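Beneath this line is the structure, given in structure tokens, with notes to follow.
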Amino acid sequence: MNDYKLTVLFGIIGLFISLSIIIVGFFKTLFVLIFTLLGCYIGFYLQSKIF
């Protein structure tokens with residue numbers, strides 16, 4: 001299982017993204033993904049500068 005850890009992880013992420021595009025819509029899903037990535041970037045930046 002360790003050999004395929006990233007493959008399974010990204011497969012699950014792809015599944016959730018595709019389901020959210022089908023259920024919610026493309027632009028709402030894109031909006032959520034952009035702000036999630038922005039939040040991750042800010043978190044990594046603050047962690048590296050402050051702590």
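Helix-only estimate, please: 222 nm mean residue ellipticity of the chain, summing -39500 (n - 2.57) across DSSP H runs of length 4 or more and dividing by its residues, to the nearest 500.
Details: 2 runs with 44 residues, N = 51.
So the calculated ellipticity at 222 nm is -30000 deg cm²/dmol.
Largest first and in whole Å, give the semi-axes of the chain's equivalent ellipsoid, each being the square root of 5 times a Cα gyration tensor eigenvalue. Let's see the in-between values first.
Numbers: eigenvalues 122, 85, 4 Å².
Taking √(5λ) for each eigenvalue gives 25, 21, 5 Å, largest first.
Values quoted throughout were computed directly from the atomic coordinates according to the rules given, and no laboratory measurement underlies them. Everything numeric here is computed off the predicted structure, so don't read it as measured data.
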